[in-house]
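Let me begin by presenting the structure, written as structure tokens, before commenting on it.
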Amino acid sequence: MKNVRIPLAASLSFLLITGCRKADVKSSQVNNSNVIAKHTDGVNESDWKAGNEWAGVEQPQYSIFYTNIKAGAVNAEAAEKGMIRVFKINNSDNVSESVALPFEETNGSQKFYWYYQVTEGNIMISVDVYGSKTNPAEKSLFKYVVLSHEVVDGFEKKGTSKSDLMRMSYDGITEAIKN
């Protein structure tokens, strides 16, 4: 496993440096019964977005696909003291339930490892694909939710830790913010 981490870290560093120059993404709307306001006090939520340009890097055992989403609400304070969550759904007629990144997915003999990294004004969404050279993200939509440190502190005062927030679904965060 250690042998995989070094090439993966080097690849991701390269992708992060070169990937931040990608074009903005197209915006798509998805019907969702639980929508929190786009800009509530301390909460900033994006629309569902599809990656405009997906790039790929092939490794001997797997492929990495990634895209960048411009996110003005993502800043150093939000990343260090607040929280940035990213969610994924499949972009189809039958809108499926959202899934919080990072997560692992299996489809037959294929495995997908979905994750994200944030930098000032940008979210890079990546998927490591084992068992296929096809990008599984092309039919996916992504949403980010940025919680300020005041919102996170408020949750912690009520007994909900950052770890609890990281495990919450999109619907869970929506309900928690409403209450």
If I ask for residues that are of a type in the set (Asp, Glu) and loosely packed, with under 14 Cβ neighbours inside 10 Å, which ones from region 157-179 would you list?
Asp164, Glu175
When region 120-143 is examined, which residues are found to be of a type in the set (Val, Ile, Thr) and in contact with a helix residue (DSSP H, G or I) (Cβ under 7 Å, 6 or more places away or on another chain)?
Val127, Val129
Quick check: anything in region 126-137 in contact (Cβ under 8 Å) with a residue 60 or more places away in the chain, part of a helix (DSSP H, G or I), open to solvent by 20 Å² or more (accessible area, probe 1.4 Å) and out of contact with any Leu (no Cβ under 9 Å at 6 or more places or on another chain)?
yes
Check region 101-113 and report whether any residue there is assigned to a strand (DSSP E or B), at pLDDT 90 or above and hydrophobic (A, V, I, L, M, F, W, C).
yes
Please specify each residue of region 62-81 satisfying the condition of being more than 13 Å from the chain's Cα centre (by Cα) and open to solvent by less than 20 Å² (accessible area, probe 1.4 Å).
Tyr62, Ser63, Ile64, Ala78
Looking for something surrounded by 15 or more Cβ atoms within 10 Å (Cβ to Cβ), over 12 Å from the mean Cα position of the chain (by Cα) and of a type in the set (Lys, Arg) - is there at least one such residue anywhere in region 101-118?
yes
Quick one: which strands (runs of 3 or more DSSP E) sit completely within region 7-93 and have at least 1 residues that are at pLDDT below 90?
83-90
Can you name every residue in region 39-61 that is buried (at least 20 other Cβ atoms within 10 Å of the Cβ) and among the charged types (D, E, K, R)?
Glu45, Lys49
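The values are calculated or read from the model by the stated rules, or taken from the named source; none is laboratory data. Remember, it's a predicted structure, so these values are computed and weren't measured experimentally. Note that we place each Cβ from the backbone using ideal geometry, even for glycine, and neighbour counts take in every protein chain shown. Heavy atoms of the whole protein, side chains included, go into the accessibility calculation; ligands, DNA and RNA do not. Shrake-Rupley method; radii C 1.70, N 1.55, O 1.52, S 1.80 Å.
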